[in-house]
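Presented below is the structure to which this report refers.
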Amino acid sequence: MTPITRGFRGRRPDVDPSRIPPGQHHERGFPVLTAGPTPKVDTATWTFEIGGRTDRDAIFTWQDLMALPQETFTVDIHCVTTWTKLDTGWTGVSVDALLDGISPRSEWVTIRSYGGYTTNLPLADLTDGKAWVVHTFDGEPLEPAHGGPARLLVPHLYFWKSAKWVRGLTFTPSEEPGFWEENGYHRRGDPWREQRYWSD
Ligand SMILES: Nc1nc2c(c(=O)[nH]1)N[C@H]1C(S)=C(S)[C@@H](COP(=O)(O)O)O[C@H]1N2
Ligand SMILES: [Mo]
C-alpha cells in the first residue's frame, strides 16, 4: 500500500469555518434570488416612506437619503438557500438615522418594496446599528438585480429579510407576516440558530 502523505497540495479550508453558520456553505459569487421580475426603479422618482403606527409619517427623496449620514461597512450575508458570502462591502444610511425624530407606536414593522415584495421584523431587529438602506455595493452603485437603487440590509438575519428595491417601513398594530413568512419561512430567521422554516 502506498502511504498517504499530506502534501502542500492538500485541501485546506479557504475560510475560517467559525464564520459559516450551521447548514451553510461558503459562496464566492453573488447569486441573484428574486421572486418575480426586477422592477424598474428610478432615483428621480424614488421615495422611502415611514408610516403606520407612529406619531408622524416621514417621506424621503433620493436627495434626502444622500443628505443623511452615510456609513460604509463590511459584513457577511447568509441566504436561507444555504450560501454564505463573506466580507461584503456596503454604503448606506442606518435605519436609526431614518427613524430619527419619529416615535413608533408599535414594535412590528412591515418592510415594503417596489414590485410588491414584503417582509416583516420586530423593530428591535432594525435598530441600534443592525440594519441599513444601502445603495452601494463594493464601491459601485447597487445593481438593479441586487435591489438597486436601494435595498434594505439586515445582515444578522437570513437574506430574505434584506428587501430589495425597498420603498418604506410600515408600523403595524401586530405582527403581519411578509411574503416568505407567509410561505413557510421562519418569523425571525437567525442563521446562527438555523431558523429557516416555520417548524424551526
Ligand atoms: N423585493 C425583493 N426583495 C428580496 C427578494 C425578492 O424576491 N424581492 N428576495 C429575498 C431573498 S429570498 C434573498 S435570498 C435576497 C437575495 O438577494 P440577492 O438577489 O441580492 O442575492 O433578497 C431578498 N430580498
Ligand atoms: Mo433567499
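Can you pull out the trypsin sites (Lys or Arg not before Pro) in the range 52-138 whose DSSP state is coil and whose Cβ has at most 12 other Cβ atoms within 10 Å?
ARG56, ARG105
Over the Cα atoms of the range 156-200, Rg to Rh with Kirkwood Rh, two decimal places?
0.97
Suppose every K and R has +1 on its Cβ and every D and E has -1 on its Cβ; what is the size of the dipole of the range 121-174 about the Cα centre, in Debye to the nearest 20?
Around 200 debye, computed over the range 121-174.
Calculate, axis by axis, the spread of Cα positions in the range 9-92 along the three principal axes, and write the results as whole Å, longest axis first.
59, 31, 28
Which is the longest part of the chain that has none of the chymotrypsin sites (Phe, Trp or Tyr not before Pro) sitting in a DSSP loop with at most 16 other Cβ atoms within 10 Å?
Segment 9-197 is the longest.
Distance in nm between label sites at TRP198 and GLU176, each 7 Å beyond Cα in the beta-carbon direction?
Those two pseudo-labels are separated by 2.0 nm.
For the chain, take N as its residue count and report Rg(C-alpha) divided by 2.2 N^0.38 Å.
In units of the 2.2 N^0.38 Å rule of thumb, it is 1.14.
Please list, in chain and number order, the residues 5+ apart from TYR197 or on another chain whose amide H is under 5 Å from its amide H, with Hs placed from the backbone.
HIS186
On the accessible surface of the chain, probed at 1.4 Å, how many percent belong to carbon and sulfur atoms?
Of all accessible area on the chain, carbon and sulfur atoms account for 51 percent.
Return the sequence-ordered ³J(HN,Hα) values of the range 166-181 in whole Hz as given by the Karplus equation 6.51 cos²θ - 1.76 cosθ + 1.60 applied to θ = phi - 60°, using x for Gly and Pro.
Computed from phi, the couplings for the range 166-181 are 5, 10, x, 10, 10, 7, 10, x, 9, 5, 10, x, x, 4, 6, 5 Hz.
If the viscosity is 1.002 mPa s and the temperature 20 °C, what translational diffusion coefficient in µm²/s does Stokes-Einstein give for the range 87-151 when Rh comes from Kirkwood over Cα pairs?
Stokes-Einstein gives a translational diffusion coefficient of 165 µm²/s.
Check which residues have an amide H placed less than 5 Å from ILE20's amide H, if you skip close sequence neighbours.
Distant-sequence amide H within range of ILE20: zero hits.
Any idea what log10 I(q)/I(0) is at q = 0.13 Å⁻¹ for the range 87-200, Debye with uniform C-alpha scatterers and no solvent?
For the range 87-200 at q = 0.13 Å⁻¹, log10 I(q)/I(0) is -0.47.
How many angstrom lie between the Cα centre of the range 150-167 and the Cα centre of the range 99-120?
The range 150-167 and the range 99-120 have Cα centres separated by 12 Å.
Compute the distance from the alpha-carbon center of the range 15-45 to that of the range 121-135, in whole Å.
With the range 15-45 and the range 121-135 each reduced to a Cα centre, they are spaced 17 Å.
Taking amide H positions as placed 1.01 Å from N in the peptide plane, with prolines and chain starts having none, which residues 5 or more places from THR54, or on another chain, fall under 5 Å of its amide H?
ARG105
The values are calculated or read from the model by the stated rules, or taken from the named source; none is laboratory data. As the structure is a computational prediction, the values presented were derived from the model and not from experiment. Note that each Cβ is placed from the backbone with ideal geometry, even for glycine, and that neighbours are counted across all protein chains shown. Side chains included, ligands, DNA and RNA excluded: accessible areas come from the protein's heavy atoms. Shrake-Rupley method; radii C 1.70, N 1.55, O 1.52, S 1.80 Å.
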